[in-house]
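Read the figures in this text as sums done on the coordinates, not as results from a lab. Because the structure is predicted, anything quoted here is derived from the model rather than measured. With ideal geometry, Cβ positions are generated from the backbone for all residues, glycine too; neighbour counts draw on all protein chains shown.
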Amino acid sequence: MHILGIDGCRAGWVFVLHDMIRNTIAAGVFRNIEELLAFAPRKTVIGIDIPIGLTEAGPRVCDQLARRLLGRPRSSSIFPSPIRGILPAVTYRQACSMAAHAGGGGVSCQTWNIVPKIREVDDFLEVHSAYKRSLHEVHPEVSFLQWNGGKAMEHGKKTARGRQDRQRLVEAFFGHEYDEARSGLPPFGWAHDDLLDAFAVLWTVHRLVCGVAAAIPETPVLDAHGLRMQIVS
């Protein structure tokens, strides 16, 4: 069996793939999600740090519950997911107008910055519906909370202390595989926090296949396209 953790990065998507039979880990970067998932072996269980499933109006329940669980200041890492109606927007101003027209409120700059990746994954699932079951939404900060004994990380992931604390958790579970994965990545197009997040996603997928992962909410809410609006950790 293979499990896969994916996080967005500047160059596209950074991944960590674990062959659970041979107990080997490989990491890399792909420009788009279709190429990455075509590379993954069949029947791979996949986690990805991107919203999957979108409302027609209003916030997603999973986002609200995840923010409540994390508390301040880490709750700010859960960006409000866009409503589905703004995905065709090509400018931030157009997205805000579409959201207002649909009664969906505003669109934050942070949310707008990840809309292209949300759209990319949403378009992929529209064409490749078989992945609706094997592709799971994971938020690394919720995963790190679970990993850290139920306590949200004290420092932001882009700070030196925050990186050290997250790396400590990763290395305690995966050992030298973190350094090996990092050394095998290209020199540009990703950041250390991207790789740490990908490992956090992988850790959650490991819990998922072992039957011990938590889910927010416990019973998934489906959007109008049949996609789960649920964050697993």
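Taking 7 Å steps out from each Cα toward its Cβ at ALA172 and SER129 produces label points 4.4 nm apart. Taking amide H as placed 1.01 Å from N in the peptide plane, the amide H of HIS136 sits under 5 Å from that of ILE46, GLY47, ILE48, each at least 5 places away or on another chain. Could you compute the FRET efficiency for MET1 and ARG161, with r as their C-beta to C-beta distance and R0 at 22 Å, rounded to 0.05? Step by step, r from the Cβ atoms, then E = 0.05.
Per the helix-only calculation at 222 nm, which mean residue ellipticity applies to the chain, given -39500 (n - 2.57) for every DSSP H run of n ≥ 4 and division by its residues, nearest 500 deg cm²/dmol? -12500 deg cm²/dmol, from helical runs alone.
Between ALA191 and ALA224, the distance separating the two model label sites (each 7 Å from Cα on the Cα→Cβ line) works out to 3.4 nm. Just so you know, the averaged projected area of the alpha carbon convex hull for the chain sits at 12.0 nm².
When peptides 71-83, 17-29 are ranked by their average number of other Cβ atoms within 10 Å per residue, the highest-first order is 71-83, 17-29.
How charged is the neighbourhood of GLY12? Take every other residue with its Cβ under 12 Å from the Cβ of GLY12, and add Lys/Arg as +1 and Asp/Glu as -1. Neighbourhood net charge equals -2. Ranked by how many other Cβ atoms sit within 10 Å of their own Cβ, fewest first, the residues SER108, SER143 fall in the order SER108, SER143.
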